[in-house]
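The values are calculated or read from the model by the stated rules, or taken from the named source; none is laboratory data. In this text, all values refer to a predicted model and were calculated from it rather than measured experimentally. Neighbour counts run over all protein chains shown; Cβ positions are idealised from the backbone, glycine included.
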Amino acid sequence: MSAQHITLLTFGFFDKNLLKEVAEAVALGFRCEVVCKEARIDLGEYFNAGRRQYNGDRLLSVVGTLHLPDSMKTIGLFSVDLYIPILTYIFGQAHLGGEAGVASMFRLGNELYGLAPELLLQNERFIKEVIHELGHTFGLLHCYDVSCVMRSSAYVEDIDQKEKYFCANCYAALGFIGAVAK
Amino acid sequence: MEKKISILVVDDEESVRDSLNIWFTEDGYRVRCAENATKALSLLESDSFDIILADIKMPGMDGLEMLRRVKSMNKDAIFIVMTAFATVDTAVKALKDGAFDYITKPFDPDDLSHLIRNATKQITLVHENDTLKRRVDSLDNVEDLIGKSESIKKVLREVESVAPTNSSVIITGESGTGKELIARAIHTNSLRKFYPLVSVHCGALTESLLESELFGHEKGAFTGALYNRKGRFEMADSGTIFLDEIATISQKMQIELLRVLETKSFMRVGGNKEITSDFRVICATNKDLKSLVENGTFREDLYYRLNVMNIHVPPLRERLDDIPLLVEYFIKKYCTSMNKPLVTMEAAAMKRLLEYPFPGNIRELENMIERAIVVGNGKKIKVSDLPLGKDIIETNLESLDDFERVFILQILNKYSWNISRSASALKVDRVTLYNKIKKYGLKPVK
């Protein structure tokens, strides 16, 4: 196993095909190997009954503790509704320049907004969010390029406007990853 | 280069501070956090922030009290209050006290983005408005540079050659010759023309006022310093600072000025933060700076720092060719502003103007024309409308020597430079008159 890999850590059930798609996109985006692992924890401990949501800050810490030194970065993949105390919801979050991140599928489906479900669109959004949060772990800030995956997204239509790729500037800032992979 | 917007987050809950810190940092803002109002205020003493985001309910000083204190320090600060228990009353109270907006916890991420985007837009607009106002001010009056005489053409050639450089310039010339207009011309023809030209009349201010005017001050630096205030050097960032009557500044200010010119950095009065500013300096004086250096009243090092280029603006009596043009210009200017039909000038009146020594230079001519338009018959300016000679005491003469020079010249002109008749009129002998002519370098006007 290469020490220069990224770990996708799933919490709960994830479709194998979706995981394969995410892994391929992450491998392409960061030019490194990707390893998928399954984490088994009791998510109930992180549930806030008052908000009917799961605490994203605490789950990010959990992912941090599960990060292993043989991996460059670890991102926790969730299908539950995440929040942080100050925000009503989050699609994901990460330690800027750190080792861990989290991303959730929950708010990415059309059905939550009264529209017909579109699984492919939901998966596409999830891939973008995973790459976005991993981008933060590599120290990237939000980007003003409308098509860059690092553009900030506060709602799903925002995610649809960007691509799952980095703009030239962000790509250049990530240059060291390719170099390590050689 | 675009300045990074800075945000100060004030909340007693660590998770809120951390989350907002991460959120804003990822968005590319400069973020600092404080756990209570007292710490936030002390941070504000040493650092400035574009946006302050503070919780209303905090132990000790609450957000509303902090808002009042921040506004008393900097009335332009963008202050956003956060509250977990939003009531119309609290929101209205905060907005009445000058808050930019309020937001209820927990925030919708989209609302937070919008709020910060609006605040940023407001900061940009205020900044742009300020810059544009100063730009318009600095472009004003440039067309007033009028003249076709050789001496003024020489000045304009010098302006043209020095303008595109960053060199310091000293403009010398008698009072009322238009030194400030020359400074404006240099600025508007320089690469700094899209940035402000900031003028300071050093002679009109006491040492302490000048210090505060040039360097700015922090709130509480002295009695009456109710707000933080930017100094003229700070305002002139990327532009030009024009220091009029530079010879009048004290020795202490000369040292301070020299230091600023060398380092381009300074501290506000009562402040401890180094501020840098990129400005070009243009000075003006009606004194002979070189002789002030020789007698020790003006620092030699400062003189050489300022005097990279010297432009001498000739007095009006040495550019008689320009008088008709200036008269025409001032007639147009004042008739238009007074809503009167354009008047002309009688040949005899113009002849008298050409003979007059104009000790107060262009400023005196301008005042003379304005007065003539007010008191005249509305058709032609006559000799009797011009206060020639009578008002000599009211002009801008600053010493007995100045007065003597002007008076002798006036008598010489009156008697067409007939030395005997002039000496007789002045009740002095011819040798004394010759000595005075030599002393003041008087010459007959061609």
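Across the stretch A:134-150, the qualifying residues are those that are touching a strand residue (DSSP E or B) at 6+ places or on another chain (Cβ under 6 Å) and farther than 15 Å from A:TYR165 by Cβ, and the one among them that is nearest to the other protein chains (Cβ to nearest Cβ) is A:HIS136. For the residues B:PHE24, B:PHE79, B:PHE100, B:PHE49, the requirement of being closer than 20 Å to B:GLN122 by Cα and touching a Ser or Thr at 6+ places or on another chain (Cβ under 7 Å) singles out B:PHE49. Helices (runs of 4 or more DSSP H) fully within the stretch B:1-111 that include at least 3 residues being within 14 Å of another protein chain (Cβ to nearest Cβ) and in contact with a helix residue (DSSP H, G or I) (Cβ under 8 Å, 6 or more places away or on another chain): B:14-26. Mind listing just one residue for me: the one in the stretch A:110-164 that is under 21 Å from A:GLY98 (Cα atoms) and of a type in the set (Phe, Trp, Tyr) and, of those, modelled with the highest pLDDT? So, considering only residues that are under 21 Å from A:GLY98 (Cα atoms) and of a type in the set (Phe, Trp, Tyr), the one modelled with the highest pLDDT is A:PHE126.
Among the residues of the stretch B:138-159, those that are polar (S, T, N, Q) and at pLDDT 55 or above comprise B:SER149, B:SER151.
In the set (1) touching a strand residue (DSSP E or B) at 6+ places or on another chain (Cβ under 9 Å); (2) in a helix (DSSP H, G or I), A:PHE14 fails one condition alone, (2).
Taken across the stretch A:29-45, residues that are more than 19 Å from A:LEU174 (Cα to Cα), free of Cβ contacts under 8 Å to residues at least 60 places away in the same chain, surrounded by fewer than 17 Cβ atoms within 10 Å (Cβ to Cβ) and within 14 Å of another protein chain (Cβ to nearest Cβ) do not occur at all.
Anything in the stretch B:389-407 that is modelled with pLDDT of 80 or more and in contact with a Phe, Trp or Tyr (Cβ under 7 Å, 6 or more places away or on another chain)? List them, or say none. Selection gives B:ARG405 alone. Of the residues making up the stretch A:153-175, just one is aromatic (Phe, Trp, Tyr) and not in a loop (DSSP other than H, G, I, E, B), namely A:TYR171. Screening B:ASP62 with (1) within 24 Å of B:TYR227 (Cα to Cα); (2) over 40 Å from the mean Cα position of the chain (by Cα); (3) crowded, with 21+ Cβ neighbours inside 10 Å gives one miss only, at (3).
Of the numbered conditions (1) away from chain B (no Cβ under 13 Å); (2) surrounded by 19 or more Cβ atoms within 10 Å (Cβ to Cβ); (3) not β-branched (Val, Ile, Thr), A:GLU99 satisfies every one except a single condition; which is it? Exception for A:GLU99: condition (2). Look at the stretch A:1-59 and say how many of its residues are among the basic types (Lys, Arg) and more than 17 Å from the chain's Cα centre (by Cα). Selection size over the stretch A:1-59: 3.
For the criterion of being basic (Lys, Arg) and either closer than 24 Å to B:THR285 by Cβ or outside the structural domain of B:GLU158 (by TED's automatic domain parsing) (or both), B:LYS179 passes.
When the criteria are applied in full, B:SER161 fails the requirement of being among the polar types (S, T, N, Q) and crowded, with 16+ Cβ neighbours inside 10 Å. For the stretch A:74-96, a residue qualifies if it is under 17 Å from A:LYS128 (Cβ atoms), more than 8 Å from chain B (Cβ to nearest Cβ) and crowded, with 23+ Cβ neighbours inside 10 Å, and the qualifying residues are A:ILE75, A:GLY76, A:LEU77, A:PHE78, A:LEU82, A:PHE91, A:GLY92, A:ALA94. In the stretch B:117-134, the residue that is nearest to the other protein chains (Cβ to nearest Cβ) out of those that are out of contact with any strand residue (DSSP E or B) (no Cβ under 7 Å at 6 or more places or on another chain) and touching a residue at least 60 places away in the same chain (Cβ under 8 Å) is B:THR120. Of B:THR285, B:THR223, B:THR276, all but one fail to be over 19 Å from the mean Cα position of the chain (by Cα), at negative phi and polar (S, T, N, Q); the exception is B:THR223.
In the stretch A:2-28, the residue that is surrounded by the most Cβ atoms within 10 Å (Cβ to Cβ) out of those that are within 27 Å of A:GLU163 (Cα to Cα) and of a type in the set (Ser, Thr, Tyr) is A:THR7.
Annotation for the stretch A:160-168: no member residue is within 12 Å of chain B (Cβ to nearest Cβ) and of a type in the set (A, V, I, L, M, F, W, C). Looking across the stretch B:179-212, not a single residue is over 15 Å from the mean Cα position of the chain (by Cα) and closer than 17 Å to B:HIS312 by Cβ. Within the stretch A:102-114, not a single residue is within 13 Å of chain B (Cβ to nearest Cβ), buried (at least 22 other Cβ atoms within 10 Å of the Cβ) and among the charged types (D, E, K, R).
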